[in-house]
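Enquirer: Sharing a structure below in structure tokens format, with a few things to ask.
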Amino acid sequence: MVVGRESRSKYSTHIIAVEEVEVPTCMTENSADDEQESMTTKPLLNDDHDCFSAKGGFRTMPFILANEAFAQVASCGLQPSMILYLTGEYHLNMATGSNIIFLWSAATNFMPLLGAIVADSFLGRFRMILFGCVISLLGMALLWLTAMIPQVKPPPCHESNKSCSSATSFQLFLLCSCFGLTSIGLGGIRSSSLAFGADQLQKAGGHNNGRVLESYFSWYYALSTISLLIAYTCIVYAQESLGWQVGFGIPVMLMLLSTLSFSLASHLYVKLKAKSSLIVEMLQVAVASYRKRHIELSTESSKLLCHHHRGPSICLPSEKLRFLNKACIILDPEKDLTTDGTAADPWSLCTVNQVEDLKSILRVIPLWSAGMIMSVNNSQLSFSVLQAKSMNRKFGPNFEMPAGSCSMFAVVGAVLWIPFYLQIILPVASRILGRPVHLSTRERMGIGMALSFVGMIVAATVELKRRSLAIREGYSDDSDAVVDMSLLWLLPPSFLIGAGAIANMVAQNEFYYSEFPRSMSSISSTLSLLGISAANLVSSFLMNAIDKLSKLGGKESWISTNVNKGHYDYYYWVLAGLSMLNMIYFLICNKAYGPGKEDKKETTFHEQDD
């Protein structure tokens with residue numbers, strides 16, 4: 001396509017006739033991002049200088065961090081022992097109860113994506129967090145009522161013949177509504193909390209703004225980890241020792257404190273207006289390329305006319321995933337562009353930068369999908385809780401550890417892995433090889449998968465020993481019996497799985513950050529949450545399939561509610577086999593991806609060093 005001189009003059013700041021532009025004259029992708037960031041940030045600070053002077057800053061941090069900490073303790077404290085509540089109070093079998101928990105977890109990890117779209121495009125972050133707090137509080141309050149009001153759950157089982165009534169449709173609907181409201185609310189909080197805190201510090205740090213944000217992120221994640229430990233110990237202990245009414249009432253009080261701590265500082269916050277979301281821009285590329293699917297792309301780039309940002313930008317779309325290039329092709333400048341050079345319909349015409357941003361995400365999807373099986377291993381919380389319930393949990397004469405608190409082992413393993421890797425593995429490897437050792441992000445992702453694979457092998461071995469001991473002691477028909485085997489046997493597999501999860505997730509986020517343009521740096525956490533959400537759906541599918549197959553011929557299910565009759569060890573071996581296949585899949589995807597930006601920087605560094 002050729003554009004006349006008059007058209008080129010009119011739209012010269014927004015389109016490029018490729019025949020007249022040499023690619024080397026354009027800025028690099030990261031440079032364009034830097035320039036674009038400065039162009040968008042500086043006017044904001046200048047226009048709203050009074051707002052930033054009067055609002056935001058460090059004084060808002062206690063309210064934001066308290067909001068996140070209270071919400072984290074409240075939500076995470078409900079999860080570990082939930083399988084005991086569903087099987088004991090609602091008389092659900094192991095498969096059904098685990099399915100509900102898997103779907104609940106999947107929804108909780110998917111909702112931040114929807115929350116981010118709504119917050120960025122419509123409500124703004126402050127309103128989204130406040131909305132999330134109120135909805136989460138409502139969901140937890142309803143869950144608390146299921147423990148307080150006998151009529152909203154099945155009556156207790158008859159002790160004489162141990163017959164139990166099933167939950168009615170209304171009772172199950174109310175229960176699932178509690179989980180749904182909680183997931184929606186937590187999605188609203190998690191989608192915006194971290195970024196909202198960063199909004200308050202944009203001006204506070206001055207020239208040291210990078211260090212201020214780094215310190216904020218560190219405190220944010222440290223507080224999240226501490227919140228997990230409190231939830232897995234104190235809240236779970238209250239549920240087991242004081243009953244479900246108190247155990248569910250405490251999260252309600254914490255969620256109320258979370259809501260109040262956030263809303264009380266409303267007059268202090270910087271509240272940026274909603275604008276176009278990056279995720280919405282990705283959807284626009286997909287829609288625009290589909291609408292133009294009948295257009296034939298010329299093999300000669302000089303025949304194309306591409307829409308791009310005002311100022312520095314990517315001039316030409318890459319040849320990879322070429323079908324998406326149709327989204328940025330201008331067919332008729334008079335119709336496709338407005339008088340100021342912007343797209344008349346952003347769902348029919350996108351910029352080259354938008355196209356390349358979507359390509360960056362699509363390229364990493366195979367590597368991203370390889371992390372799901374590892375997340376499946378990490379999601380087997382319900383099984384370890386039932387195992388722990390049948391083991392000796394006494395530590396000293398007066399303390400018995402709650403079964404749900406065994407989830408803490410994986411968290412501790414995750415926390416200990418980072419200093420172990422930095423302070424022991426890397427220094428020892430450097431001494432052995434006689435040079436500084438640095439493992440790439442994809443190598444560390446592979447290490448995480450290997451640790452998780454070994455963890456499943458150890459978990460299967462420990463369960464085989466526990467089950468054999470229960471049968472030998474005559475407890476095969478008594479699921480409430482406690483075998484003479486310490487809870488500490490669950491430490492090694494939990495440590496390995498937790499360490500593998502954190503090693504892989506940290507490496508994943510670093511990989512996305514290095515491969516994506518700077519404008520997409522915030523999407524890495526969203527991808528990680530989506531991976532966990534997808535993993536929970538995969539877990540539900542696998543468990544249902546194994547449950548049905550293992551019951552063929554009238555046999556006892558491998559994942560029976562009676563942990564002594566079932567074969568959780570077989571189930572773990574299946575997951576270990578899938579983990580091994582997944583590592584092979586990861587190696588194939590890693591080779592197909594080829595060298596990334598991180599590898600190119602490392603090569604340049606070694607060349608300069610030589």
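The values are calculated or read from the model by the stated rules, or taken from the named source; none is laboratory data. This structure is a prediction, so every number in the text was calculated from the model and none was measured. Because the Cβ atoms are built from the backbone with ideal geometry, glycine has one as well, and the counts that use them run over all protein chains shown. All accessible areas refer to the heavy atoms of the entire protein, side chains included, with ligands and DNA or RNA removed. Shrake-Rupley method; radii C 1.70, N 1.55, O 1.52, S 1.80 Å.
Enquirer: What order, most packed first, do the peptides 337-347, 114-124 have when packing is the mean number of other Cβ atoms within 10 Å of each residue? Please list the in-between numbers first.
Expert: Working: 337-347: 14.2, 114-124: 19.3.
Listed from highest to lowest mean packing, they are 114-124, 337-347.
Enquirer: Right, something else. Can you grab the distance from the C-alpha centre of the stretch 136-158 to the C-alpha centre of the stretch 73-111, Å, no decimals?
Expert: 14 Å
Enquirer: Let me cross-check Arg59: its accessible surface, 1.4 Å probe, with only protein heavy atoms counted, in Å² to the nearest 10?
Expert: Near enough 120 Å² of accessible area.
Enquirer: OK, next. Rounded, prolate or oblate, given the Cα gyration tensor of the stretch 364-609, with a/c below 1.5 counting as rounded?
Expert: Values: a/c = 2.56, a/b = 1.78, b/c = 1.44.
Note, shape of the stretch 364-609 comes out prolate.
Enquirer: Another question about this same structure. Tally Lys/Arg at +1 and Asp/Glu at -1 over every other residue whose Cβ is under 15 Å from the Cβ of Lys465; what's the total?
Expert: Working: positive: Arg466, Arg467, Arg472; negative: Glu463, Glu473, Asp484, Asp569.
In short, -1.
Enquirer: Something else about it: Kindly write out, for the stretch 352-366 in residue order, the coupling ³J(HN,Hα) from the Karplus curve 6.51 cos²θ - 1.76 cosθ + 1.60 (θ = phi - 60°), rounded to whole Hz, with x marking Gly and Pro.
Expert: So the Karplus estimates, Gly and Pro as x, are 4, 4, 4, 4, 5, 4, 5, 4, 4, 5, 5, 5, 8, 4, x Hz.
Enquirer: Okay, moving on. Looking at the stretch 362-420, which chymotrypsin sites (Phe, Trp or Tyr not before Pro) are DSSP coil and have at most 14 other C-beta atoms within 10 Å of their C-beta?
Expert: Values: sites: Trp368, Phe383, Phe395, Phe399, Phe409, Trp417, Phe420; in loops: Phe395, Phe399.
Hits after loop and neighbour filter: Phe395, Phe399.
Enquirer: Quick check: with the 1.4 Å probe, what order do Glu281, Glu296 take by accessible area, largest first? Could the numbers behind the result be given before it?
Expert: On the way: Glu281 50, Glu296 165 Å².
Largest accessible area first, the residues go Glu296, Glu281.
Enquirer: How many lysine pairs does the stretch 364-609 hold where the Cα atoms are under 27 Å apart and the two sit 8 or more places apart or on different chains?
Expert: The result is 16.
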